[in-house]
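Participant: Structure below; questions to follow.
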There are 2 protein chains.
Amino acid sequence: MPVRDMSVMCAVCSGRRARPNLNLLLLLILLLGPHTVEGVWPLPQAITSSTERYPLTPQAFCFSYGRRSAARPGCSVLDAASERYFSLIFPDYTYANDVLRLSENKPFTVEISVDHDDCDSYPMENSSEKCKDQLMLLDDTFWSCYRYFVNKTKIEDFPRFQFRGILLDTSRHYLPVKTILKSLDAMAYNKFNVFHWHIVDDPSFPYQSHTFPDLSSKGAFHPMTHIYTQSDVRRVISYARLRGIRVLPEFDSPGHTKSWGKGQSDLLTPCYKGGIPSGTFGPVNPALPSTYQFMERLFKEVSAVFPDSYIHLGGDEVDLSCWRSNPYVRAFMQKMGFGVDFAKLEAFYMEKVVNITSFFNKTSIVWQDVFDYHERVMVEVWKEGCYLCEVRRVAKAGLRVILASPWYLDQPGPTHNWARYYTVWPLAFKGTEEQKSLVIGGEVCMWGEYVDATNLAPRLWPRASAAAERLWSNEKQTSSVDKAFPRLQDFRCILLRRGIQAEPLYVGHCKHEYHSV
Amino acid sequence: MPVRDMSVMCAVCSGRRARPNLNLLLLLILLLGPHTVEGVWPLPQAITSSTERYPLTPQAFCFSYGRRSAARPGCSVLDAASERYFSLIFPDYTYANDVLRLSENKPFTVEISVDHDDCDSYPMENSSEKCKDQLMLLDDTFWSCYRYFVNKTKIEDFPRFQFRGILLDTSRHYLPVKTILKSLDAMAYNKFNVFHWHIVDDPSFPYQSHTFPDLSSKGAFHPMTHIYTQSDVRRVISYARLRGIRVLPEFDSPGHTKSWGKGQSDLLTPCYKGGIPSGTFGPVNPALPSTYQFMERLFKEVSAVFPDSYIHLGGDEVDLSCWRSNPYVRAFMQKMGFGVDFAKLEAFYMEKVVNITSFFNKTSIVWQDVFDYHERVMVEVWKEGCYLCEVRRVAKAGLRVILASPWYLDQPGPTHNWARYYTVWPLAFKGTEEQKSLVIGGEVCMWGEYVDATNLAPRLWPRASAAAERLWSNEKQTSSVDKAFPRLQDFRCILLRRGIQAEPLYVGHCKHEYHSV
């Protein structure tokens, strides 16, 4: 059976708060066997394909705006997506720019209709990603390479979880902007909608702040070549927006801040040994008013630069020994009535930072460590072990939860174990429907200890695709690893054809292999 | 301490059978701290660097042929290597073609002298790779980006083992020719000198035979896009030759031949079930005279196409159940007096094939499985467990051994465990000096189940570099993982700058990061 090329198109889209993002368009190029949905990934909520077929050529095909659509021609997100997907469907056709013009005479017109004109805004947590209408599968037949056939197909689709993220760590290794943009492409193909940018950490501070330029000029691996300028950041955010992806920045503190200290004196706690400063530094110093003045100015800038309404404040793995060693910190604890309970000091610090970001209208997310002493924030569960116990604990407390524990894709172990990331059941804990609804999604974490631009893509894809389907699709329809395997193999070939360096799942081949330079 | 760029050059080279290959030239571009040898990988047998320094510019630098050199200007291998390395030393200089001309007036002339003019031959098992003379370290100083300084340095060098191979598997996944050439580049930088081309196997037969074109037209993943034409093979061999690398082809039989059967009827054994053919096929049929006629014609072609004096015949993992099930095979066994000892049948088959390749003047290498019943060949040890027990057993039998067991880099497990491949001691078995001298080298195996062009490079490099140093350098000088770590980190940065997609060992950065497209 020859492998076929297919495409799914959403003709008319609508939704509760229908901003015209990529998932509304829902355009995919797929490699499928005839009349199957093997390469459709993640699996739509409902898909029916008939044997009715129509020939299709680039000359006969176009996108257009529906008559009832609130968004009109010129809508940046829709125009850009139409062009992008036209090129993906017909990679060799050179007049892709005509795609949105003169549509009335084309026999295959995909009408895009949306309820609201949110063309110039950013994707939000509550943006609708529903899609419902007639769709067509394009079938590139073996005996006629330059001719496509479409099977009449109906798809109804919406995501299971609202938050479907990927964390990239640009502190342990610097990732060139191009690498980030390429990852955003792949994320969009997988319907991930949150890029969690773990932008700074202990090893380096590549974010170039205009308020505190020394943070990167002294804290980055290199002050010129290993930084993200304001224009780099804008480029990433804009590229993500056109693909329906939110950019969630993380400025993790008070721990994981060694690199911050290089460009900002008196920010970190001086550690003591034998009654005198040892010359080393610990977490952010919570005892100084200057710390909070700094944080206020930094987060004021960050809140303005990153338009998303969420901000990730980290808060994980705070090493208390340095605080303990410092007599000024201890004196501050006495003054505040914390005694020797350093969890209270952590809570005090986080409270201050949460208040700062709240003031700038941001919803805070923190790593699960913070939940133990702070109960006003959204919690990301990351630790191993019984992670669903923790999910349940947070949901019972009435807080929203994001699950990351089972999707640490950077972790040591065989790299081809995608099934491990597929057989994750985020709601398999004892709880009320209301509690379960507090689990807003999940996130793939790609920490940077052993990962940079050389191996990021094959390590992410298609393993992250396993998480993508878990977070998007109906669990009952996608519980079988065996059924998913051939679909994921086909989808991986689609990723290859689109230029994503996705590694193989097992022996075999793709029609279009990856051609490295 | 700023990271520096350095280069080592071998001014005059000589050797026992001094063909002018890359290792004789021994030109490296290195990233080093001043007056250290951190980026020199694999470690030379002897290196001393002085603080004496000279400025160096592309205008003042050239290669030339020594007066006593047997090879004269126009020698393909030396000319090509000089050009290649000149470009690596001065990547931005555009007149690299002048490098071998007008050398007399240049203050920095690297004289190449070799004892024999083997300019047009192929690297052989006994080609000398010795190098001894004055060398210079180029030091790209931090305060003057476009100026190099050379430290006076003396290097004496030769490999510990004669056979330093990498196996690539182009049957389980097809590797584009470009990917193979890029791997040859990286191999040369690491002083690997054998490309073991596991070109065919069960899943596909990409080698396009002119004697049996059906083997690839029916047995390849795709008859046009997933094959190696004769000209592809010539290109690989020629590219390898210019880099001092031998191409060792493997045509594994009688097992691992499923794909052969698609284009050659009556080659594989029909398996029986309940007294009738089941429709499935097993290993090559050893009971038919036509099998050996086929093998003779195939290996006649292969012996002519691949100039190396070695050929790998495989012989591993033969599934005997199909032979057992076949009444004709059993009748053949009776006729030959083998009774029910299928090892004798295997031995008979391998003996025949070894004789065929001997007739074409090839030395046979087989996987260790064959050693159990055949004692006339060179043995590659690949199984896990006490692999040194097996090495010892083979050496005691007086046969030459290649060690692969500890260097299965494709195996599941953490991908960043380079130290596991570094702390291998191939001669740490009880045996005489003569027995130890039979261990001619080792090989990194990159099987293709989970590997193709998308992830080959980061999975190979720099982990294979760990094996490279073990096979090249003095064991006593390179037994410490801690000492090797910073050197390997630096060398990995050099690989990146040369365009090799080598993954990181740990947190950090390189001056020149890999920029993916």
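Yes/no matrix, rows are residues, columns are (1) closer than 30 Å to A:Phe491 by Cβ; (2) more than 21 Å from the chain's Cα centre (by Cα):
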position: A:Pro176; (1), (2): yes, no
position: A:Thr179; (1), (2): yes, no
position: A:Asp202; (1), (2): no, yes
position: A:Tyr207; (1), (2): no, no
position: A:Asp214; (1), (2): no, yes
position: A:Gly219; (1), (2): no, yes
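Participant: Considering only the range B:488-517, how many residues are within 9 Å of chain A (Cβ to nearest Cβ) and touching a His at 6+ places or on another chain (Cβ under 9 Å)?
Facilitator: Of the residues in that region, 10 qualify.
Participant: Taking the range B:137-157 as the region of interest, how many residues are surrounded by fewer than 17 Cβ atoms within 10 Å (Cβ to Cβ) and at pLDDT 70 or above?
Facilitator: Our first condition is that a residue be surrounded by fewer than 17 Cβ atoms within 10 Å (Cβ to Cβ); within the range B:137-157, this holds for B:141-147, B:152, B:154, B:156.
From the residues that got through so far, the ones that are at pLDDT 70 or above too are B:152, B:154, B:156.
Within the range B:137-157, residues that are surrounded by fewer than 17 Cβ atoms within 10 Å (Cβ to Cβ) and at pLDDT 70 or above number 3.
Participant: On to the next question. Collect the residues in the range A:348-361 that are within 17 Å of A:Gly282 (Cα to Cα) and not aromatic (Phe, Trp, Tyr), keeping them in residue-number order.
Facilitator: A:Met350
Participant: Kindly check whether there is at least one residue in the range A:215-231 that is away from every other protein chain (no Cβ under 13 Å) and of a type in the set (Phe, Trp, Tyr). Can you show your working first?
Facilitator: Going through the range A:215-231, the residues away from every other protein chain (no Cβ under 13 Å) turn out to be A:215-218, A:228-231.
If we keep only those that are of a type in the set (Phe, Trp, Tyr) as well, we get A:228.
For the range A:215-231, residues away from every other protein chain (no Cβ under 13 Å) and of a type in the set (Phe, Trp, Tyr): present.
Participant: Ok, one more. On the basis of being within 14 Å of chain B (Cβ to nearest Cβ), touching a residue at least 12 places away in the same chain (Cβ under 8 Å), among the hydrophobic types (A, V, I, L, M, F, W, C) and surrounded by fewer than 17 Cβ atoms within 10 Å (Cβ to Cβ), does A:Ala397 make the cut? First the steps, then the outcome.
Facilitator: Numbers: within 14 Å of chain B (Cβ to nearest Cβ): no; touching a residue at least 12 places away in the same chain (Cβ under 8 Å): yes; among the hydrophobic types (A, V, I, L, M, F, W, C): yes; surrounded by fewer than 17 Cβ atoms within 10 Å (Cβ to Cβ): yes.
Criteria not met by A:Ala397.
Participant: Just need a number here: residues in the range B:425-475 that are part of a helix (DSSP H, G or I) and hydrophobic (A, V, I, L, M, F, W, C).
Facilitator: First, the residues of the range B:425-475 that are part of a helix (DSSP H, G or I): B:433-437, B:456-460, B:463-472.
From what's left, hydrophobic (A, V, I, L, M, F, W, C): B:456-457, B:460, B:464, B:466-468, B:471-472.
Number of matching residues: 9.
Participant: Any residue at all in the range A:327-350 that is more than 30 Å from A:Gly274 (Cβ to Cβ) and either among the aliphatic types (A, V, I, L, M) or at pLDDT 95 or above (or both)?
Facilitator: Scanning the range A:327-350 turns up at least one residue that is more than 30 Å from A:Gly274 (Cβ to Cβ) and either among the aliphatic types (A, V, I, L, M) or at pLDDT 95 or above (or both).
Participant: Among the residues of the range B:200-215 satisfying the criterion of being outside any helix (DSSP H, G or I) and of a type in the set (A, V, I, L, M, F, W, C), which is surrounded by the most Cβ atoms within 10 Å (Cβ to Cβ)? Show your work before the answer.
Facilitator: If we filter the range B:200-215 for residues that are outside any helix (DSSP H, G or I), which is where we start, we get B:200-213.
Cutting the leftovers down to of a type in the set (A, V, I, L, M, F, W, C) gives us B:200, B:205, B:212.
Working: B:Val200: 29, B:Phe205: 32, B:Phe212: 20.
The selected residue is B:Phe205.
Participant: Can you find a residue in the range A:178-199 that is within 14 Å of chain B (Cβ to nearest Cβ) and in a loop (DSSP other than H, G, I, E, B)?
Facilitator: Pass one, the range A:178-199, residues within 14 Å of chain B (Cβ to nearest Cβ): A:178-186, A:198.
With the extra rule that they be in a loop (DSSP other than H, G, I, E, B), the set shrinks to none.
Checked against the condition, which is being within 14 Å of chain B (Cβ to nearest Cβ) and in a loop (DSSP other than H, G, I, E, B), the range A:178-199 yields no hits at all.
Participant: What's the total number of residues in the range B:400-411 that are under 21 Å from B:Arg487 (Cβ atoms) and surrounded by fewer than 19 Cβ atoms within 10 Å (Cβ to Cβ)?
Facilitator: Restricting attention to the range B:400-411, the residues satisfying the condition of being under 21 Å from B:Arg487 (Cβ atoms) are B:406-407, B:409.
So of that shortlist, the ones also surrounded by fewer than 19 Cβ atoms within 10 Å (Cβ to Cβ) come out as none.
Looking only at that region, the number is 0.
Participant: Continuing with this model, one more query. Give the number of residues within the range A:446-478 that are surrounded by 24 or more Cβ atoms within 10 Å (Cβ to Cβ), more than 8 Å from chain B (Cβ to nearest Cβ) and without any contact (Cβ under 8 Å) to a residue 24 or more places away in the chain.
Facilitator: 0
Participant: Any residue in the range A:153-182 that's over 20 Å from A:Asp202 (Cβ atoms): show its pairings with residues that are surrounded by fewer than 24 Cβ atoms within 10 Å (Cβ to Cβ) and of a type in the set (Val, Ile, Thr) at Cβ separation under 6 Å, as long as the two are six or more apart or on different chains.
Facilitator: Filtered contacts from the range A:153-182: A:Lys154/A:Thr48; A:Ile155/A:Ile47; A:Gln162/A:Ile440; A:Phe163/A:Ile440; A:Ile180/A:Val236.
Participant: Please go through the range A:412-436 and pick out each residue that is closer than 24 Å to A:Asp482 by Cα, within 13 Å of chain B (Cβ to nearest Cβ) and either free of Cβ contacts under 8 Å to residues at least 60 places away in the same chain or within 20 Å of the chain's Cα centre (by Cα) (or both).
Facilitator: Correct list: A:Gly413, A:Pro414, A:Asn417, A:Trp418, A:Arg420.
The values are calculated or read from the model by the stated rules, or taken from the named source; none is laboratory data. Owing to the predicted nature of the structure, the values given are computational and were not obtained by experimental measurement. Please note: Cβ atoms are built from the backbone with ideal geometry, for glycine as well, and neighbour counts cover all protein chains shown.
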